[in-house]
Structures are given as structure tokens and as C-alpha cells.
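A short worksheet on the structure shown next.
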Amino acid sequence: MPAPQPVALDLRPVTLDDAGIVADLDATRDPEDPRDPEMLRFWWTSGSLNQVFLRLVAIHEGSAVAFVAALHERWSAGTERFGSLRVVIHADLWSEREFARLVEKGEKWLGSEGVVKVVSRVREDFDHELKALERIGYREVRRQNFSELDLVIHRDDLLRGLSRERKKMKAQGVMMLTLSDYHDPDRLAKLHQMMVAAEQDIPSTVPIPRQPFDEWMRATFDDPGVREDRFWIARDGEAIVGLSYLEFPSVRGLPWTAFTATSKAVRGRGVARALKYETMAQAIELGYKRVRTANDRANAPILHINEEMGYRVVTPVIELHRSLRA
């Protein structure tokens, strides 16, 4: 029987109508957590106003078989010029030669935009992609953990932990509540101030831009996976001193912790732990069986909380960099 003819990966710019087939392509990479097409559409339309991007797709018989995404922030003077690159090829069609060709295509665009250093993040279990990137010249800089918590197996422990942490917070005068139950007219301004400040403390090699209020509102609360009645905050007096919320899928996939953070003034008092227990208890109440989270390997405090709660590492994610300068 003759060997199947190779499929030409002819790329074209994506449209919003491609969100579903690109999500399906991503879903083949992790069937346990298939990409939600509605969430992907939101990310495509509601990214940072400061971002410039290129997204390309190759289609065969109505399905996406390859996808290239490259983007960078609009830089201010003196800022190191990072750009990010992601290349996905369906496993049945993957070859190192084609993968390298699509990486080169993304790098060429990034270079034309003035990017100096390209960042690519790849799961450790996609070792063929890692090896290909290393041969191109990419080198590991840092790691994240993708972790999962089984809410069925750990249900009783989590609910006991919730009761314990609520008592601790009450003793400290810290109130746990959802954003929908907090009626201060300045609550969103307070939340924005606390959240963007906390983001600067996330371990990262790539600078994290500070989002202006209007952009932050759109990126956070226009997200179809975010609701104010599932967005947990901690109050100390009238100050918002912590937050934790999950991004819930609209169509398919697992809930993910979007962000957990506390203000510097209360760190070490168990506020982040208490907030995470609130979000997990709510996910249990809503009927979810598993949740996932991503955390930098250098973020020891949150990794310790995750281990205590029963999270297991699904896979590390490797962040690799390559300079485009000769």
C-alpha cells in the first residue's frame, strides 16, 4: 500500500471563525483538558491593547492542522524587547523539518517587529518539540508546574480545611467574601490597584505590564469564564488584601485558577491559603470534579499550599528563550 501523501501546511491569517477548529487542534494535545473554543475566542479578541500579534492557521479537510501565534507588547523606551512564539502541528503530521520552518516563520515576523528575544513555552512531555527548539538555539530559562486537584478524592479534606481556615481568618478580623457581595462603590478601583501591584511579584523573566483600569476591566470581567459571584476577595477593614478566582470553561475543559494573590501587608498570615480553600469549596458545590493551576517553580509559598491541598503535578512547562541578535 503506498505511503500517504504529506499534507502541505499552507498558512493563512486566522479569523474569529477559526477559533473552534484551532481549539480542536489544541484539544488533541491534552484530551483530559480540551481547549474551550469560547475562551479561545475571548483571548483572541480581548488581549492586551498593548499587544501586537500574528496568528496563522493551516487547514486540511476542514480541520486545523497547524497554528502559529507570535506576539509582543508595545515597548516603552529602555525595555528589553521580548516576544512570544507558539507553534502547534497535529501529531499525525508533525515533523521536525516542518516545525522548524514554522518557528522560522514566526521568528521572522517577530524580528521584523524589533523583537530581540523570543520566548516559547512547551510542556515537558512534548519532548520532540523541546529537542527541536534546542537544536534551533532555544535554551531553558525557567519552569512552571501544571498541577491538578481531584475534588472528589480530596473533598472531605478540602471542606475540613475550609472550616479551619475560616476560623483562622475570623480570629484575625479578615473577611472572606465574593466580589458580588462587596458593595463598596470603589471596590473595583481597590481591586485593580491590589491586583496589578501583586502581579509585579510573580516570578518572571519577562516583564509583566501594568494594565490600565479600563483594559484590566475588559480583560478580567468580559472573560466568559469569570463571574463576580465566583471571584473571592479578602477584606481587612475596608482594604482588599487578597483575591483568588477560577476561570470556568464555557463549553468544555477544566476550571483553572486564574490568579491568587495577597497584598504585601498580609503575607504570611494564611490569607492566600484561605482564599484558595474558598474557591475549591465553591467548585465542589458547583459539581466540578477536577481543577488545574499553573505556578512558577520559584513560587515556593503557593507550591507549598498546593501540595498541602492535594494537587499533583500533571507536567512541568519549560520556558525557553532565544536571542534574534547575531
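What to note about this one:
- 27 Å Cα-Cα reach of Lys276 towards lysines, excluding residues that sit fewer than 8 places from it in its own chain: Lys167, Lys168, Lys170, Lys190, Lys264, Lys289
- Loop-located GluC sites (Glu not before Pro) in region 209-306 (DSSP state not H, G, I, E or B) with no more than 13 neighbouring Cβ atoms inside 10 Å: Glu238.
- Under a 5 Å amide H cut-off, with hydrogens placed 1.01 Å from N, Val226 pairs with Phe248 among residues at least 5 apart or on other chains.
- Region 231-283: C-alpha gyration tensor shape, a/c 1.5 cut-off, then a/b vs b/c: prolate
- Overall shape: oblate for region 76-165, with the ratio a/c of the largest to smallest alpha carbon gyration tensor axis at 1.5 or above and b/c at least equal to a/b.
- Three-way shape call for region 17-120 based on the alpha-carbon gyration tensor, with the a/c threshold at 1.5: oblate
- In Hz, Karplus ³J(HN,Hα) per residue of region 262-275 (6.51, -1.76, 1.60; θ = phi - 60°; x = Gly, Pro): 9, 6, 4, 5, 10, 5, x, 9, x, 5, 4, 4, 4, 5
- Whole-number percent relative contact order across region 183-256, with pairs defined as alpha carbons under 8 Å at least 6 apart: 24
- Counting only DSSP beta bridges whose two residues both lie in the chain, roughly 95 percent are antiparallel.
- Structure-based [θ]222 nm, the chain - -39500 (n - 2.57) summed over DSSP H runs of at least 4, per residue, nearest 500: -10500 deg cm²/dmol
- Per residue accessible area in Å² of the chain, where ligands, DNA and RNA are left out and the probe is 1.4 Å: 50
- 16 Å Cα-Cα reach of Lys131 towards aspartates and glutamates, excluding residues that sit fewer than 8 places from it in its own chain: Glu96, Glu98, Glu104, Glu140, Glu319
- Among the listed values (i) 5, 19, 24, 21, 18, 9, 3, 1, 0; (ii) 5, 23, 33, 24, 11, 3, 0, 0; (iii) 5, 24, 29, 19, 10, 5, 3, 2, 2, 1, 0, the one matching P(r) over Cα pairs in 10 Å bins from 0, in percent as calculated from this structure is (ii).
- Based on C-alpha pairs under 8 angstrom that are at least 6 apart in sequence, region 211-326 has a relative contact order of 18 percent.
- For region 1-129: relative contact order, % (alpha-carbon pairs under 8 angstrom, 6 or more apart): 21
The values are calculated or read from the model by the stated rules, or taken from the named source; none is laboratory data. Note that the structure is predicted; figures quoted are calculated from it, not measured. Here the Cβ is made from the backbone with ideal geometry for all residues, glycine too, and neighbour counts use every protein chain on show. The accessibility values were calculated without ligands, DNA or RNA, using every heavy atom of the protein model including side chains. Shrake-Rupley method; radii C 1.70, N 1.55, O 1.52, S 1.80 Å.
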